[in-house]
Each structure stands twice: as C-alpha cells, then as structure tokens.
Amino acid sequence: MQNFHRFVIWSLLLGFAAIFLAPLYVMLVTSLKDMNEIRSGGLLSLPGSPTLDAWAKAWSSACTGTDCGGLKPFFTNSALMVVPAVLVSTALGAVNGYVISKWRFRGSELMFGLMLFGVFMPMQVVLLPMSQVLGWLGISSSLWGLIFVHVLAGIPSTTLFFRNYYVGLPDELIKAAMLDGAGFWRIFWRIVLPLSAPILVVTLIWQFTNIWNDFLYGVVFSGGDSKPVTVGLNNLANTSSVVKEYNVDMAAAMIAALPTLAIYVIAGKYFVRGLTAGAVKG
Amino acid sequence: MSSPSTPRPNQPWLPKLVLAPSFILSFLFIYGLIAWNGYLSVSASRLLPNYEFVGLEQYVTLFDSERWWVAAKNLGIFGVLFIGCGMALGLFLAILLDQKIRAEGALRTIYLYPMALSFIVTGTAWKWILNPGLGLENVVRGWGFENFTFDWLINPDYAIYTVVIAGVWQSSGFVMALFLAGLRGIDDSIIKAAQVDGASLPRIYLRIIIPSLGPVFFSTLLVLAHIAIKSFDLVIALTNGGPGYASDVPATYMYAMAFSRGQIGLGAASATIMLATIAAIVVPYLYSELRTKR
C-alpha cells in the first residue's frame, strides 16, 4: 500500500516535470531543425540532422520588421542597459535600506510605506507622463532613458529587500561601532556592507531578471537603435514573411532566455529567495 | 519618533540627506506621475497631450467602448482562471513534494524555471506549441486522433484561454514554492498527533494543514492578482490581443489607445481604472502589514 502511494506520487511529479519541461524541449529541438523537417511535423521528435543554422540566422541575419541584422544589436542593448540599471538601483536600495532600518527619523517609516506602493503600482499609469519627462530630459528613445526608468522603477523593491534584511541586523552592532567613533558611512562600508552578501546577491539577481525580461518599458521608451532583446524577439517573431521560420523564432527565443536561464541554473536558490522576498513580505 | 534604541548619528542631517534623492525621485515617479496621468484622463488629449479640461468625458467614452468591455471581461476570465488554476496546481505540487520525496530539489528546479523567463520568450514558445497546423494539434493527430482540432489561438472565443494556459504554466511553480515554504513552517507535532488519532493523510491536509496556510493563500492571491492585472507581455507575444481584439486585456488596451491609436486621454483613463483596481487590493494589505509591524 505504502509502495503504491509512493508510485502514484512519483508518477504525478514526473508527469508534471515533463509538462513543465516540454516547452523548453520543444524550443530547443525546433531550433535545431531545418524548415523541411518542421513542415513534415513532429513537434516533439528529435532533430534528424541537428544544425545550428537557425541559431546563426537568429543571431545575425533574421529580420525584425524591416531590419535584417538578427538579435545581436538588441542583445547588446539589453546588456548595456542591464548592467548600470542593476548596479545603480541596487546601490541606492542598499543605502536606503540602511537608513530606514538603522537611522530611523520622524516620518521615515511612513515614507517607506508610501514608497512601497511603487512595488505594486501598474506601470501603465506612468507610461504617458514618463514619456514626456524623458523628452524634457532629452533622453527619450535612448538607452539612457531606459536605464533611468528601470532605476526609478527598481528603487522601491530594492529598498524593500535591503530594509527587510537590515532590520534583522542587531542595532548593538551599530552602537558599538559608534562608541568606537565610527561615523555613518564608515559603519556602512566596514560593518553593514560586509554582512550584506546574501541580500546583495538576491537583489542583484532579482533586478537583473526583471530588467532583462522587461518588455513594456522597452517597447514604449526605446527608439530605433536602443530596443532591448525582448522587443527584438517580439518583432522577429511577428515579422511576416513568405515562409514563417519557426526554427529561427525558437532559436531567437532561446538566445533571449539564455542569460536569465544561466543565472537560474547557477544561482537558483537566490532567485527563489528573491521571488519569495518580493512576494510575501510587505 | 526615534526610540531610545535607535542609534543617534553625530550628524543628524546626514541620513535624511542620503535618503532624500531616492525619496523625492520615487515620490515624483509614483505619485507625481499618477496625478499627471489622472489629469491626462480628464483632458481632451488625443494624438498629443492637450491640457484642456473636459471632465469625465474620456471615462464616458471608455465605458461606452465595446473594446474596453471585451478587455475587462477577458481580464475577468483570465484573472479567475489564472489565479484559481495557478493556486490549485501550485498547492497540489507543493503537497506532493512535501511527502519527503527524493530528488525534491531537482523537481523544484524544474517546476520553477519558467518564472526566470521573460513572458515574451514563453509567449513565443507557446505560440509555436499551440500553432493550429504544426503544433500540438499535429502531435495528437499523429497519435491517431485524426479529427483532433486545437485552434484556440486563432479562435476569437477561446484565444484568451491560451493565455491562461501559458500563464498558469509560467507561474504555478512559483506558487508551489510559496506553499512549500508555508508547509515547511507547520509544526510537525500537530500532524503527528492527528496521525495518532487515526486521521488519514488527505484528511489531515484538508482539515489541519491547508486551513493553517491562510496567510500564504492571501499573499499568493495578492501576487497573482497583481500579475494578472498587469499582464501585458504574455498577451502581446502570444496573441497580440487578437484575433481582432478578442484577447485584449486592459493593459494591451491601454497600450493600443495611448501609443498606436492616438487616444492619449482614453489610454490615461484606462490606466487610472487599472490603478484603482490594484489599489483596492493592495492598499488595505500594505496598511495592515505596516500597522502590525509597529
């Protein structure tokens, strides 16, 4: 009886694992096939003679709208955008969290509460005014504009992460350092920051995934040569041509997914921690 | 309000100064732009912002628009099914994984990886899988069911359900992680005591364990509702709101009006409605969270 139960549980779990993996599997095998093989059917079948042609085409010569330079320029844009946006928003979050949790002043908690709404706010509500602001600042349709928006949009969540983490650091630590004559910044650099490795990793991963995966800001605020990879992929997949090349679409989707997939495989534990930290603690 | 336990800095202005830029910027970004968007929604803006005040005209147009009601109804269908199925599947997986399973870590990794991907990526993948000619339909026909048809993707009555499929696939692993964490937080001795009393395992889950997961249910509901109302990428990548506007949701409606149809005022009005919907869910939650923490 016990064995039978185990068997049922295992079958269910493995069945679901297969369903969850199926899209990734389909993407991968389709990207390795040529169009003749795709047309002859067999969504799930392994490629007869695997080829990387579709990957090469998706990377450097597939058409996205009228341009035919592949995903490469979009991928570069995303990489150029994600690095400063992640670093700046994380740094600001760390400093904010440090102040809010360790140097409380009248009204700081209330302001933090008001800021928290930014984590949940539907971004549709800022799109129209933001595009005007970016125009005034002279950074509309540029990577700088996108970086600016991602930093702004990221501050509430990065602040939340660091604040929740720093609340758990004992205040005595700070007091002892003050008795030794350490000031605000010295305490931050010498004591708080060295203890921040876990939350730093979580926030960096969280911000990286969010910004890399963003589509809405990318499609609204980027211009001809500053579009991120998600926009490139969407354009590529929606470009109508005589023959729809599903293998190229799938290779392009894989390329756009690789950075976040790699992070997930390498540091999945921290990714999950970021997800749950963003979800359950308010 | 600084309590005696809070350290007092030598330069009392420094922490405030450090916080000021972030606070000012995010308040302008959050509340300033919300107000601005609110003003646009009562203005005569069409192709360009126009600050002539027209009262609730845009909202009247919005509520008279058939396309808006299609979008709102789709959000209702999507929201209910996405949240309901996502929670049910996530809880089911969490309970299965909670049975001291070998290779639990590997299975968890598999269930959760979709959450690391962009909705644009998963939408593109599902669009191919659900492709009426060559995708799943073809596979099932190949298994001998010659008349099997699965054309939801291009069927106006069913397109929104394909978004549900992809959405649930994407997020149920995440729900599973939340519930699993909740299950692990339950005191074993309660379960042991129930077992001694002769309660069966399903009964223990139904009567004891699941009821004690209340807070997890609530935060999961909050997060999923929030994802549902904001969902934009997935719809764009999978159906692009189509066929026609049959799978539009408020987020895609807003985008279409504001950025391709030259109806800025209408776009702003629809964004305000989205904001009000989320605020109705989130504000009470934030309020209670912050109060209990004091």
| note | In region B:119-133, anything more than 7 Å from every other protein chain (Cβ to nearest Cβ), open to solvent by less than 10 Å² (accessible area, probe 1.4 Å) and small (Gly, Ala, Ser) is listed as B:Gly123
| request: Using the structure shown, decide if A:Pro73 is touching a residue at least 12 places away in the same chain (Cβ under 8 Å), open to solvent by 10 Å² or more (accessible area, probe 1.4 Å) and farther than 22 Å from A:Tyr217 by Cα. | output: no
| Exclusive hit being more than 15 Å from the chain's Cα centre (by Cα) and open to solvent by less than 10 Å² (accessible area, probe 1.4 Å), set B:Ala276, B:Ala228, B:Ala246, B:Ala268 | B:Ala268
| field | Residue among B:Pro21, B:Pro49 that is farther than 30 Å from B:Ala159 by Cβ, facing chain A (nearest Cβ under 9 Å) and open to solvent by 60 Å² or more (accessible area, probe 1.4 Å) | value | B:Pro21
| task | Quick one: A:Ala62 ticks every box in (1) open to solvent by less than 10 Å² (accessible area, probe 1.4 Å); (2) out of contact with any Cys (no Cβ under 9 Å at 6 or more places or on another chain) except a single one, so which number is it? | result | (2)
| task | Evaluate the following for B:Asn37: is it more than 10 Å from every other protein chain (Cβ to nearest Cβ), modelled with pLDDT of 90 or more, open to solvent by less than 20 Å² (accessible area, probe 1.4 Å) and out of contact with any Lys or Arg (no Cβ under 8 Å at 6 or more places or on another chain)? | result | no
| said: As an exercise: evaluate B:Thr220 against (1) surrounded by fewer than 19 Cβ atoms within 10 Å (Cβ to Cβ); (2) closer than 20 Å to B:Ala88 by Cβ and give the number of the one condition it does not meet. | reply: (1)
| field | Residue ranges of helices (runs of 4 or more DSSP H) in region B:187-294 with at least 1 members within 11 Å of chain A (Cβ to nearest Cβ), over 15 Å from B:Leu75 (Cα atoms) and out of contact with any Gly (no Cβ under 9 Å at 6 or more places or on another chain) | value | B:201-204, B:214-230, B:264-293
| Going by the structure shown, is A:Ala85 touching a His at 6+ places or on another chain (Cβ under 7 Å) and either within 14 Å of another protein chain (Cβ to nearest Cβ) or under 19 Å from A:Pro156 (Cα atoms) (or both)? | yes
| remark: Conditions (1) more than 30 Å from B:Trp126 (Cα to Cα); (2) without any contact (Cβ under 8 Å) to a residue 60 or more places away in the chain; (3) of a type outside the set (Phe, Trp, Tyr); (4) open to solvent by less than 20 Å² (accessible area, probe 1.4 Å) -> B:Leu201 fails only (4)
| field | Conditions (1) touching a helix residue (DSSP H, G or I) at 6+ places or on another chain (Cβ under 7 Å); (2) within 13 Å of another protein chain (Cβ to nearest Cβ); (3) open to solvent by 80 Å² or more (accessible area, probe 1.4 Å): number failed by A:Leu80 | value | (2)
| query | For A:Ala62, are the conditions met, namely being touching a Gly at 6+ places or on another chain (Cβ under 7 Å) and more than 19 Å from A:Gly223 (Cβ to Cβ)? | reply | yes
| message | Checking A:Ser49 against (1) over 30 Å from B:Arg102 (Cβ atoms); (2) surrounded by 13 or more Cβ atoms within 10 Å (Cβ to Cβ); (3) more than 8 Å from chain B (Cβ to nearest Cβ): exactly one of these is not met. Which one? | response | (2)
| query | Of B:Ala116, B:Ala94, B:Ala106, B:Ala71, which residue is more than 30 Å from B:Ala251 (Cα to Cα), within 13 Å of chain A (Cβ to nearest Cβ) and open to solvent by less than 10 Å² (accessible area, probe 1.4 Å)? | reply | B:Ala94
| field | Scan of region A:15-51 for residues that are touching a residue at least 24 places away in the same chain (Cβ under 8 Å) and within 28 Å of the chain's Cα centre (by Cα), ordered by number | value | A:Val26, A:Met27, A:Leu28, A:Thr30, A:Ser31, A:Leu32
| remark: Selection from region A:127-150 of residues more than 22 Å from the chain's Cα centre (by Cα) and on the phi > 0 side of the Ramachandran plot yields A:Gly138
| query | If we keep just the residues of region A:213-261 that are within 10 Å of another protein chain (Cβ to nearest Cβ), β-branched (Val, Ile, Thr) and open to solvent by 10 Å² or more (accessible area, probe 1.4 Å), which is nearest to B:Ala125 (Cα to Cα)? | reply | A:Ile255
| query | Does A:Val125 fit the bill of being surrounded by 21 or more Cβ atoms within 10 Å (Cβ to Cβ), assigned to a helix (DSSP H, G or I), in contact with a Leu (Cβ under 6 Å, 6 or more places away or on another chain) and modelled with pLDDT of 90 or more? | reply | yes
| Which one of these is in a helix (DSSP H, G or I), under 21 Å from B:Ala280 (Cβ atoms) and among the aromatic types (Phe, Trp, Tyr): A:Phe117, A:Phe148? | A:Phe117
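Yes or no, residue by residue, for (1) modelled with pLDDT under 85; (2) outside any loop (DSSP other than H, G, I, E, B); (3) within 13 Å of A:Asn247 (Cα to Cα):
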position: A:Asn36; (1), (2), (3): no, yes, yes
position: A:Thr51; (1), (2), (3): no, no, yes
position: A:Ala54; (1), (2), (3): no, yes, yes
position: A:Trp59; (1), (2), (3): no, yes, yes
position: A:Gly69; (1), (2), (3): no, no, no
position: A:Thr76; (1), (2), (3): no, yes, no
position: A:Ala79; (1), (2), (3): no, yes, no
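The values are calculated or read from the model by the stated rules, or taken from the named source; none is laboratory data. Owing to the predicted nature of the structure, the values given are computational and were not obtained by experimental measurement. All Cβ positions, even for glycine, are placed from backbone atoms using ideal geometry, and neighbour counts span all protein chains on display. Protein only, heavy atoms only, side chains kept; ligands, DNA and RNA dropped before computing areas. Shrake-Rupley method; radii C 1.70, N 1.55, O 1.52, S 1.80 Å.
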